[in-house]
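Before any comments, here is the structure.
Read-outs: derived from the displayed coordinates by stated rules, not from any lab. All of these numbers come straight from a predicted model, not from anything done at the bench. Glycine also receives a Cβ, built like all others from the backbone with ideal geometry; neighbour counts cover every protein chain displayed.
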Amino acid sequence: MSEDPKTKPIAALSVPPRTKTAYPAEFAGVTEGRAKRALGTHFGLSQFGVNLTTLAPGAKTALRHWHSEEDEFVYVLSGEVTLVTNAGAALMRAGDCMGFRAGTPDGHRIENRGTSDAVLLEVGTRRPDIDQVHYPDDDLAVVPDGTGKRLFRRKDGTPV
């Protein structure tokens, strides 16, 4: 009987980075220069996600957004980034963190406006069965599809 390799500690950097986005093509460029290592997925975690995210200079984590049912937490491991929310921009350095409560309509994203890579640890609830994602700056929304997955739609509900 072989041992399950997911029952042993790993080096986080051994998880292959994901550089593609799930955004529709017209929005996909926003994450150019972002690399996410889905650490929680590697271990089969289903209740929350954990990502080790590297942002190259000029890269952004996402479109500015907020979740109806999912909490998010970000901790800056290295570098400097700019948090963009409804209140404006705030600099975050290594050791700084920020949380985003589910249901709080304050769109957020993190940008690397510096000249060197920044590394973040992102943790968030997984509720694709009921979570809706709102994008205040873009004609985009995410809604549950009834099967535990989510669909991108325009704000009026039409397909993207």
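Basic side chains Lys and Arg get +1 at the Cβ, acidic Asp and Glu get -1 at the Cβ, and with that the dipole of the stretch 66-149 about its Cα centre reaches some 200 debye.
Here the stretch 84-160 is described by how far its Cα atoms reach on the three principal axes: 40, 23, 23 Å, from widest to narrowest.
Contact order, relative form, for the stretch 1-147: 25 percent (alpha carbon pairs under 8 Å, 6 or more residues apart, mean separation divided by residue count).
Shape analysis of the stretch 28-87 based on the Cα gyration tensor places the equivalent ellipsoid semi-axes at 20, 16, 12 Å, largest first. Stokes-Einstein diffusion for the stretch 1-60 at 25 °C, viscosity 0.890 mPa s, with a Kirkwood radius from C-alpha pairs, works out to 187 µm²/s. The count of lysine pairs in the chain with alpha-carbon distances below 19 Å, taking only pairs 8 or more places apart or on different chains, stands at 5. Taking Cα centre as origin and charging only the Cβ of basic (Lys, Arg, +1) and acidic (Asp, Glu, -1) residues, the dipole magnitude of the chain rounds to 280 debye. Select one label from (i) 1.28; (ii) 0.97; (iii) 0.93: the one whose number is Rg/Rh (Cα atoms, Kirkwood Rh) as derived from the coordinates shown. Only one listed value fits the structure, namely (ii).
Scanning residues 5 or more positions from F48 or on other chains, those with amide H under 5 Å from its amide H are R126, with H placed 1.01 Å from N in the peptide plane.
Starting from the Cα of I10, step 7 Å along the direction of its Cβ; do the same at V143; then give the gap between the two resulting points in nm. Label at I10, label at V143, 3.6 nm between them.
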